[in-house]
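The values are calculated or read from the model by the stated rules, or taken from the named source; none is laboratory data. All values reported here derive from a predicted model rather than from experimental measurement. Note: ideal-geometry Cβ built from the backbone for every residue, glycine included; neighbour counts use all protein chains shown.
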Amino acid sequence: MKLLLDSCLSAIDLILSFNAEILAIVGVSIKVSLTSTIIASLAGVPLGFTIAFSKWRWKRTTITILNTLLALPTVVIGLFVYAFISRSGILGPLNLLYTQKAIVIGQVILIIPVVTAFTLSSIGSIDARYRRTAAALGANFLQTAQVILQEARFGIMAAVIAAFGRVISEIGISMMLGGNIKGFTRTMTTAMALEYDKGAFILATALGMILMGISFGMNFLFNFLQGKMRS
């Protein structure tokens, strides 16, 4: 218990001192996580909307597969992407391995199912009368889509925040595709794992506190915006 308390106190001092190493690690984490979340949202939200309003034979099977992908292990994605971007892979000449771009590619694959499934669930919960009323009033497809998306906005926001939380806290993809290179691809989770192996609990604890703070801040912002939009 004393070790934990001492580590926490020292970690707080380290954070308040704006340690350069911590700032670099947090900066990389936020950069790759935000980039991944934006790309996945731009793809996942329209995909979820399309699945929700499309009618074809394999729709239920598609949804089942999508829900299964929510539990896809990060190491599996890491192995899959590594096979393509390693020197012997199809994309080897692009020199993507052990770069931030490689991490983004893996993280986008990880969270597209998250954004899509949450968007699909959110839109599916909207009363069908909204769509019928919009059509009866002469709204075209884009106008109807705008009405539905407006009603589902809180669910979509939750999907984006959940996706961001998923990638900023993952370690498998970042370690396998980024290589944990100091000052370049070292994220908060990979740094925490490294520092733990070295027995350096202070830096690991500081990064853990920052990670929890970012997660809390994102959820606080979501609840704040939700309250503002409803008022």
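For ILE30, only one of the following conditions fails: (1) surrounded by 15 or more Cβ atoms within 10 Å (Cβ to Cβ); (2) modelled with pLDDT under 90. What is its number? Condition (2) is where ILE30 drops out.
Screening ALA52, ALA71, ALA102 for residues that are surrounded by fewer than 13 Cβ atoms within 10 Å (Cβ to Cβ) and either aliphatic (A, V, I, L, M) or under 27 Å from GLY165 (Cβ atoms) (or both) leaves exactly one candidate, ALA71.
Scan region 5-15 and tell me whether some residue there is crowded, with 18+ Cβ neighbours inside 10 Å and at pLDDT 90 or above. No, that holds for no residue.
Selection of region 67-93 for residues being in a loop (DSSP other than H, G, I, E, B) and either charged (D, E, K, R) or over 19 Å from the mean Cα position of the chain (by Cα) (or both) yields SER86, ARG87, SER88, GLY89, ILE90, LEU91. Let me spell it out: the conditions are (1) out of contact with any Gly (no Cβ under 6 Å at 6 or more places or on another chain); (2) touching a residue at least 60 places away in the same chain (Cβ under 8 Å), and THR74 meets all of them except one. Which number is the exception? The one condition THR74 does not meet is (1). The criterion of being without any contact (Cβ under 8 Å) to a residue 12 or more places away in the chain and either part of a helix (DSSP H, G or I) or closer than 28 Å to LEU207 by Cα (or both) does not hold for THR119.
Residue under question is LEU96, and the condition is that it be surrounded by fewer than 18 Cβ atoms within 10 Å (Cβ to Cβ) and either under 16 Å from the mean Cα position of the chain (by Cα) or at pLDDT 90 or above (or both); does it hold? No; evaluated as a whole, the condition is false for this residue. Total residues in region 65-90 satisfying the condition of being within 16 Å of ILE112 (Cβ to Cβ) and hydroxyl-bearing (Ser, Thr, Tyr): the figure is 2.
In a residue-by-residue description of region 55-66, the property of being part of a helix (DSSP H, G or I) and within 30 Å of GLY208 (Cβ to Cβ) applies to no position. Are there helices (runs of 4 or more DSSP H) fully within region 125-196 with at least 2 residues that are at pLDDT 80 or above? List them. So the answer is 141-151, 153-168.
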